[in-house]
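The values are calculated or read from the model by the stated rules, or taken from the named source; none is laboratory data. Remember, it's a predicted structure, so these values are computed and weren't measured experimentally. Every residue, glycine among them, receives a Cβ derived from its backbone with ideal geometry; neighbour counts consider all protein chains shown.
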Amino acid sequence: MPADALLADPILGRLEGMALSALIPHVTRRVIAAGDFLYRAGEPADTVFLIQNGALRLENGQGRSARQVEGCAGEEALLGLGSHSASAMAETETTVLAIPAGQLAHLAGRRRDLREAFFRAYAGRYDGQAQATPHAAPDKPQPTAEGLGPLLGWLLTIALPLAVYLVAERLPLDPAATDFLAIVMVAVVMWLFGLVPEYVPPLFAALAMILLDVAPPAEVLSGFRSDSFFVTLSIFGIGALMVSSGLTYRFSLWVLGKVPATPFGYNLSLFGIGMVLSPVIPSVVGRVSIITPLMIELIEISRPEAHDRFANRLIFSLLSGASIFVPIFLTAAVPNLVVYGLFDAQTQFAFGWIAWLYAASVFGLIVLASFWLVSALIFGRARSFSLPRATIREQRRLLGPVSAPEWAAALAVLAMIGGILTGPSHRIDVAWIALAIFVTLMMFGTLGREAIRAQIDWPILIYLGTIIGWVPVAAITGLDQVIVTHLTWLGESMRSDFPRFILMVSGMILAVRLALPTGVTVILFTTALFPLAAAQGLSLWLIGFIILAVADTYVFPYQSSYYLKLRSDLEARGLAHVLDERRIIAANVVMIALRIGAIYGSLRFWQHLDLLS
């Protein structure tokens, strides 16, 4: 069995069970007839071979040769030489296990002793005389921006802020509010044209606000002490423990062993896990970070090509499962809890967790059907892929019994779920429950420094912390009141033509989302529309739900922190080429239209519930 051969090898056998288990799906068996070459000198080296039985004759360019009946051959692929320095011919019929170098390199990057052992075996093969010292693989050149797009983007970063100042002269705007609008416009242009990484524009905006004295530094950087920041940080930490302990990997293998071994089954598993986690993990970023290892494992095993449809359908299923049910469950995201907190006492009493779910149920069913329709239309005709059940059994066998860190990760998740579900009793915010669990894990050494450093996406946290500060800055500059004043005309549409109101407010929310994150947009529109809804006698829950349903969408990557997190994880595993952003964007646009359609499709049900006359 491949697992037994890996365990018996003196070098590969040093790996822990989870690492060996992760290698199994990528290992293939080859049989080389006597006299045939496994590889020749000068050929590209991308695979390491483990000899199971038989014998290989290796001969380098200097005429030196060696006979090998065990261990590995082709280490050049792992050591960065790029091509084989020797030829390998089978003296007798020989069976080898072929291991892609990329998978070994990922493991060797974390185990220096492993790489050194491979080098010693390679260097001492010919009478103990070392070969040329392998050099590190050259870094891949970073793609440079080409064409007129970036140039136009930089020109607009200069022109649009100037336009804001010209227009502001005709509006009753405070100078600080004008500066704030101009700074936000610069950040939006940087995002839209991809001029810099996504976390840079909000950092630039924070610095500009402080230097221009738009608001006090404490308010500009207030996002770093917000509930949302600590919820995200803590869930990242819990997710880091789940990944580093191997619990996520073990759970992934269990799921793969239960679902049908078909593309539909794999998409259903990713989507279903996100849906199940939605009521108990109040962060889309946290849910995505927990599920992503399973998706990456599936993508790697399937050996995808660039812009692979099978892989992108998995990506779309993961993102949708973790996000499209956000408006459905009260505890699915922090903005939901914020909206709930803005309800009056009567609305809060009427719309607890169950009542909220029931009122949103028709919308949820329509959105669920919309997802499967969009998934089939846009990602259809993807290649077939099936992971053999025997491979999964081998992987699970190598993992062995559940380890202490895995138990700790499982207890952390259960504590998180229990803390959320018992919230009405202890009245402790989700942020502090999550932070308490995170701190406890660190205090007892369960979550180590390396896991915190490697598994937590700090650029995304910087992005989140800086952009949340835009809310108090808008309040300080008076910009929020200006917006509220200019939205009073919407109150008449609420009462006289509600379908028209839905269309107008949806368009406005989508426009604002080009510049502001979901949480900020939700706060802005609830602040403006709740007083109008109360004056018109409309349900605050209905208005808040519509805002949440439309605001929790995105088209461009910079609009979604969880999409950026997933893309970052793919890049870290060398899978950036797999992502087809154009197809993902097209699917998002269609889903936004269908989501707004789901609001219209729920109107009769809401009338039945007396939420709408």
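A compact table of results
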quantity: Qualifying positions in region 334-360 - in contact with a Phe, Trp or Tyr (Cβ under 8 Å, 6 or more places away or on another chain) and of a type in the set (S, T, N, Q); calculated: 336, 347, 348
quantity: Of the criteria (1) among the hydrophobic types (A, V, I, L, M, F, W, C); (2) at pLDDT 80 or above; (3) over 26 Å from residue 561 (Cα atoms), which one residue 203 fails; calculated: (3)
quantity: Selection count, region 566-613, where residues are among the polar types (S, T, N, Q) and assigned to a loop (DSSP other than H, G, I, E, B); calculated: 2
quantity: Scope region 48-69; condition over 46 Å from the mean Cα position of the chain (by Cα) and either in a strand (DSSP E or B) or aromatic (Phe, Trp, Tyr) (or both); matching residues; calculated: 57, 59, 65, 66, 67
quantity: Residue within region 151-172 that is in a helix (DSSP H, G or I) and at pLDDT below 80 present; calculated: yes
quantity: Considering residues of region 453-500 that are at pLDDT 75 or above, surrounded by fewer than 21 Cβ atoms within 10 Å (Cβ to Cβ) and aromatic (Phe, Trp, Tyr) only, the residue farthest from residue 197 (Cα to Cα); calculated: 498
quantity: Checking residue 511 against (1) free of Cβ contacts under 8 Å to residues at least 24 places away in the same chain; (2) of a type in the set (A, V, I, L, M, F, W, C); (3) outside any helix (DSSP H, G or I), the condition it does not meet; calculated: (3)
quantity: Given (1) surrounded by 20 or more Cβ atoms within 10 Å (Cβ to Cβ); (2) not in a helix (DSSP H, G or I), index of the condition residue 292 fails; calculated: (2)
quantity: Residue list for region 342-378, restricted to those being among the polar types (S, T, N, Q) and either over 23 Å from the mean Cα position of the chain (by Cα) or not in a helix (DSSP H, G or I) (or both); calculated: 346, 347, 348, 361
quantity: Where residue 307 falls short, out of the listed (1) touching a Pro at 6+ places or on another chain (Cβ under 6 Å); (2) surrounded by fewer than 22 Cβ atoms within 10 Å (Cβ to Cβ); calculated: (1)
quantity: Of the criteria (1) at pLDDT 85 or above; (2) charged (D, E, K, R); (3) not in a strand (DSSP E or B), which one residue 30 fails; calculated: (3)
quantity: Residue check, residue 31 of a type in the set (A, V, I, L, M), surrounded by 14 or more Cβ atoms within 10 Å (Cβ to Cβ), assigned by TED's automatic domain parsing to the domain that holds residue 87 and farther than 19 Å from residue 84 by Cβ; calculated: no
quantity: Flag if residue 212 is of a type in the set (A, V, I, L, M, F, W, C) and surrounded by fewer than 19 Cβ atoms within 10 Å (Cβ to Cβ); calculated: yes
quantity: Region 365-406, residues that are buried (at least 19 other Cβ atoms within 10 Å of the Cβ) and small (Gly, Ala, Ser); calculated: 370, 375
quantity: Flag if residue 339 is at pLDDT below 85, not in a loop (DSSP other than H, G, I, E, B) and not aromatic (Phe, Trp, Tyr); calculated: yes
quantity: Qualifying helices (runs of 4 or more DSSP H) (wholly inside region 384-437; at least 3 residues being in contact (Cβ under 8 Å) with a residue 60 or more places away in the chain and under 28 Å from residue 225 (Cβ atoms)); calculated: 404-421
